[in-house]
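Chemist: The structure's right below; bear with me while I get my questions together.
The values are calculated or read from the model by the stated rules, or taken from the named source; none is laboratory data. All values derive from a computational prediction rather than experimental measurement. Here the Cβ is made from the backbone with ideal geometry for all residues, glycine too, and neighbour counts use every protein chain on show. The accessibility values were calculated without ligands, DNA or RNA, using every heavy atom of the protein model including side chains. Shrake-Rupley method; radii C 1.70, N 1.55, O 1.52, S 1.80 Å.
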2 protein chains.
Amino acid sequence: MTPVPAKRPLGGTRVRGTRQAEALSAVLGGLPGFCSAQQIHAELRQRGEHIGLTTVYRHLQVLSEDGQVDTIRDASGETLYRRCGSNAHHHHLICRTCGTSVEVEGRAVERWAEQVAAEAGFTAVDHTVELFGLCPGCSSASA
Amino acid sequence: MTPVPAKRPLGGTRVRGTRQAEALSAVLGGLPGFCSAQQIHAELRQRGEHIGLTTVYRHLQVLSEDGQVDTIRDASGETLYRRCGSNAHHHHLICRTCGTSVEVEGRAVERWAEQVAAEAGFTAVDHTVELFGLCPGCSSASA
DNA sequence: ATATCTGCAAAGACTTTGCAACCTT
DNA sequence: AAGGTTGCAAAGTCTTTGCAGATAT
């Protein structure tokens with residue numbers, strides 16, 4: 001699958017010396033929470049970057065395969081992307097009003113998942129865990 | 001949202017005395033795990049039931065709103081449906097090979113979710129938890 | 001008899017793919 | 001100069017909606 005040329009500097013965030021790639025990276029870094037490819041594309045356009053939607057999709061796909069961005073699916077089926085800080089396994093606590101997300105560790109969940117799976121005789125278990133709620137700001141705003 | 005006429009018998013599984021609705025209900029009851037609307041539609045056709053894909057989608061939508069079927073999304077974005085046994089909150093342990101699913105209780109996860117959310121100051125927290133793995137049968141078959 | 005349900009076809013949304021032109025190395 | 005990258009347009013999915021005909025109560 002991945003020949004892994006390993007020629008990449010890995011120092012900065014650049015994927016390849018392309019203007020579009022850098023712009024995308026910049027936007028991703030500034031996002032507070034999960035956004036759809038189309039939102040990201042719109043944001044890039046607003047910044048004056050002439051980038052195609054196709055290119056945004058392609059980069060996001062590569063980045064997600066590389067583990068540099070996390071992806072989740074919202075209720076309507078759209079895929080949402082977010083630059084993830086830690087490369088370790090983690091989950092997200094997402095504000096359903098403003099979209100801000102917090103990365104949370106889930107050792108307890110991992111353990112629970114493995115235990116439940118073992119009890120049912122399942123192996124090679126993977127899991128999906130996402131938390132949605134109201135962040136402090138939005139919570140007080142709606143109070 | 002739901003005026004809740006509550007005129008429905010609620011005894012059987014019938015939604016309304018329609019042949020298609022009953023057929024759909026029957027198929028749902030016999031499914032071992034989560035299936036897409038299109039798979040269910042194909043299954044109905046194979047049984048000789050002449051039912052439209054549109055009707056399948058509409059019934060599944062209503063049933064899911066009523067809490068009679070659970071829905072999840074697979075990796076490709078398709079929505080999968082399954083008649084859920086308990087009406088209480090629960091999660092699923094799904095075999096990624098044969099699709100068989102087991103309903104599991106997640107008191108531990110619920111507690112973890114609330115605790116993590118509270119620590120971050122989030123309120124009104126909801127969560128999504130799905131476990132994917134290999135069931136005993138598929139596990140030994142591939143060994 | 002009437003309100004509901006059904007289903008075909010068309011529309012809508014998100015995402016992927018083809019291919020020529022462009023840019024980076 | 002060579003190869004990867006870009007982007008427009010078209011295609012592909014899954015899902016929803018419009019409307020006329022059929023159906024259940």
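Chemist: Any residue at all in segment A:113-128 that is outside any loop (DSSP other than H, G, I, E, B), under 20 Å from A:Leu31 (Cα atoms) and open to solvent by less than 40 Å² (accessible area, probe 1.4 Å)?
Modeler: no
Chemist: Between a first residue in segment B:21-35 that is open to solvent by 10 Å² or more (accessible area, probe 1.4 Å) and a second residue that is hydroxyl-bearing (Ser, Thr, Tyr), which pairs have beta carbons less than 6 Å apart while being 6 or more apart in sequence or on different chains?
Modeler: B:Ser25/B:Thr13; B:Pro32/B:Thr100; B:Phe34/B:Ser101
This table checks each residue for (1) more than 7 Å from chain B (Cβ to nearest Cβ); (2) under 12 Å from the mean Cα position of the chain (by Cα).
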site	(1), (2)
A:Thr54	yes, no
A:Tyr57	yes, no
A:His91	yes, yes
A:Thr97	yes, no
A:Gln115	yes, no
A:Thr123	no, no
A:Gly133	no, no
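Chemist: Sticking with this structure for a sec: Give the residues of segment A:78-127 that are hydroxyl-bearing (Ser, Thr, Tyr) and more than 25 Å from A:Ala37 (Cβ to Cβ), sorted by residue number.
Modeler: Kept after step one, since they are hydroxyl-bearing (Ser, Thr, Tyr), are these residues of segment A:78-127: A:79, A:81, A:86, A:97, A:100-101, A:123.
Hit for segment A:78-127 is A:Thr123, nothing else.
Chemist: Okay, moving on. For segment B:34-52, enumerate the residues that are outside any helix (DSSP H, G or I), within 9 Å of DNA strand D (Cβ to nearest atom) and within 14 Å of another protein chain (Cβ to nearest Cβ).
Modeler: Matches in segment B:34-52: B:Ser36 only.
Chemist: Please enumerate the residues belonging to segment A:57-76 that are within 9 Å of DNA strand C (Cβ to nearest atom) and among the aliphatic types (A, V, I, L, M).
Modeler: Residue satisfying the conditions is A:Leu60 alone.
Chemist: Another question about this same structure. Restricting the search to segment A:36-56, which residues are within 13 Å of DNA strand C (Cβ to nearest atom), open to solvent by 50 Å² or more (accessible area, probe 1.4 Å) and within 19 Å of A:Cys84 (Cβ to Cβ)?
Modeler: A:Gln39
Chemist: Take the residues in segment B:57-109 that are under 24 Å from A:Asp70 (Cα atoms) and open to solvent by 50 Å² or more (accessible area, probe 1.4 Å), then tell me which one is nearest to DNA strand D (Cβ to nearest atom).
Modeler: Here the answer is B:Glu78.
Chemist: With respect to A:Thr123, determine if the residue is closer than 14 Å to B:Leu93 by Cβ, in contact with a strand residue (DSSP E or B) (Cβ under 9 Å, 6 or more places away or on another chain) and among the β-branched types (Val, Ile, Thr).
Modeler: yes
Chemist: Do we find a residue being away from every other protein chain (no Cβ under 13 Å) and assigned to a strand (DSSP E or B) anywhere in segment A:75-82?
Modeler: The answer is yes, given that some residue of segment A:75-82 is away from every other protein chain (no Cβ under 13 Å) and assigned to a strand (DSSP E or B).
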